[in-house]
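These notes concern the structure reproduced below.
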Amino acid sequence: MAASTAAPGRPARKKTKLGWNLLGLLVFVTAGFPVYWMLNTAFKPAKDAIDPDPHLFPTNFTLDNFKRALQIGDFWGSIGRSLTVSLVVVLIGIAVGLLAALAISRFAFRGRKIVIVGILAVQMVPLVAMIIPVFLLLNDLGQYDKLSGLIITYLTFILPFTVWTLRGFIVNVPKELEEAAMVDGCSRTGAFIRVVFPLLAPGMVATSVYGFIQAWNEYLYALMLMSQNHQTATVWLSNFTTQHGTEYAPMMAGSTMMAVPIVILFLLVQRKMAAGLTAGAVKG
């Protein structure tokens, strides 16, 4: 009798599972097609990239676009500057953000809620609205057209994101674990380093990757605050647009080379990142 009553539910579960699988496939195709088209254009001849009747699959493969991309501007210098800025921003953001998130999550102090609301409010301000004040401020500080000035600027919008994200991970670590370690003789700092910090590693990796991507892909401030001699990788891509038109195939080749560091970083930390995303549900 139990088997007969449970059987009618199985087709419904299979249909539901099939529906979710189809939805996941649709999302994958929608998100992945631009990447595929970038690769498709990067490896096809330049004349095929502007063909009014494009082909879904390339018929001719060439590496000339990559050679052309390396000849335009200072590619390696731009990549090096972007890597430097992104890595420094992530390291400072994680170090400062972790301490700030710990204070917000574990300590009760006057104005705590105001700080939390302020962090959220800062993230809601459009970046374009701050470009003029940031430019004037950096110019007064002598940080215009310097990597240090760009790093400071990026921290203004990456640090709030880091604090808020890490707060979610810290809140999910029970306070009882720290208290038990302190009962066993650890100081508060020792309990945090030995007990809490290892549990935060996946969350820190996930936050670092997202912060790195934000800094790596940022364009507006890098364009406005850096000269052509100190341009970053995203601004370097604008060299393919001239008064004679846009070189789409070499631009896609340059974009492909720009994506390589992000892909390598993701492959290196994908397990930690997946664990961090599943453990980082915001609570409290």
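The values are calculated or read from the model by the stated rules, or taken from the named source; none is laboratory data. Being a predicted model, the structure only gives us computed values, none of them experimental. Here Cβ is always computed from backbone atoms with ideal geometry, including for glycine, and neighbour counts include all displayed protein chains. Accessible surface is based on the protein model in full, side chains and every heavy atom, while ligands, DNA and RNA are left aside. Shrake-Rupley method; radii C 1.70, N 1.55, O 1.52, S 1.80 Å.
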The stretch 68-83 - phi-based ³J(HN,Hα) in whole Hz, Karplus 6.51/-1.76/1.60, Gly and Pro as x: 5, 4, 5, 8, 9, x, 9, 5, 5, x, 5, 4, x, 5, 5, 4
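Go ahead and run the numbers for FRET between LEU26 and ILE116, Cβ-Cβ distance against an R0 of 35 Å, rounding to 0.05.
Values: r = 37 Å, r/R0 = 1.05.
Efficiency, from the Cβ-Cβ distance: 0.45.
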For the stretch 142-154, Karplus couplings with θ = phi - 60° (6.51, -1.76, 1.60), whole Hz, Gly/Pro x: x, 10, 6, 6, 10, 4, 5, x, 5, 5, 4, 5, 5
Computed FRET value (nearest 0.05) for PHE33 with ILE72, which takes r as the C-beta separation and R₀ as 30 Å: 0.70
Rg in Å to one decimal, and Dmax rounded to a whole Å, for the stretch 42-198 via C-alpha atoms: 23.6, 73
Listed candidates (1) 24.2, 81; (2) 18.5, 53; (3) 26.9, 75 - label of the one calculated as Rg and Dmax of the Cα atoms in Å: (1)
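Under unit Cβ charges (Lys, Arg +1; Asp, Glu -1), what dipole magnitude, rounded to 20 debye, does the chain have relative to its Cα centre?
Numbers: 22 positive and 13 negative charges, 255 e Å.
Value, rounded to 20: 1220 debye.
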Label-point separation, LEU87 to THR16 (7 Å along Cα→Cβ), nm: 4.8
Solvent-accessible area, 1.4 Å probe, carbon plus sulfur percent, for the chain: 70
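Sum up the charges of everything whose Cβ sits under 15 Å from the Cβ of LYS146, counting Lys and Arg as +1 and Asp and Glu as -1, but leave LYS146 out. Present the calculation step by step, with values, prior to reporting the outcome.
Working: positive: ARG81; negative: ASP140, ASP145.
Result for the local shell: -1.
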Low-density loop cleavage sites - trypsin sites (Lys or Arg not before Pro) in the stretch 21-121, where at most 11 other Cβ are within 10 Å (DSSP): ARG110
Computed [θ] at 222 nm, helices only, for the chain once each DSSP H run of length n ≥ 4 contributes -39500 (n - 2.57): -24000 deg cm²/dmol
Kirkwood-based Rg to Rh ratio, the stretch 156-253, C-alpha trace: 1.28
Karplus-derived 3J(HN,Hα), 6.51/-1.76/1.60, for each residue of the stretch 195-212, Hz, glycine and proline x: 10, 7, 4, x, 6, 8, 4, x, x, 5, 5, 4, 5, 5, 5, 5, x, 4
Surface accessible to a 1.4 Å probe, ASP74 within the full protein complex, Å²: 80
Cα-centre dipole for the stretch 13-63 with unit charges at Cβ (Lys and Arg positive, Asp and Glu negative), debye to 20: 580
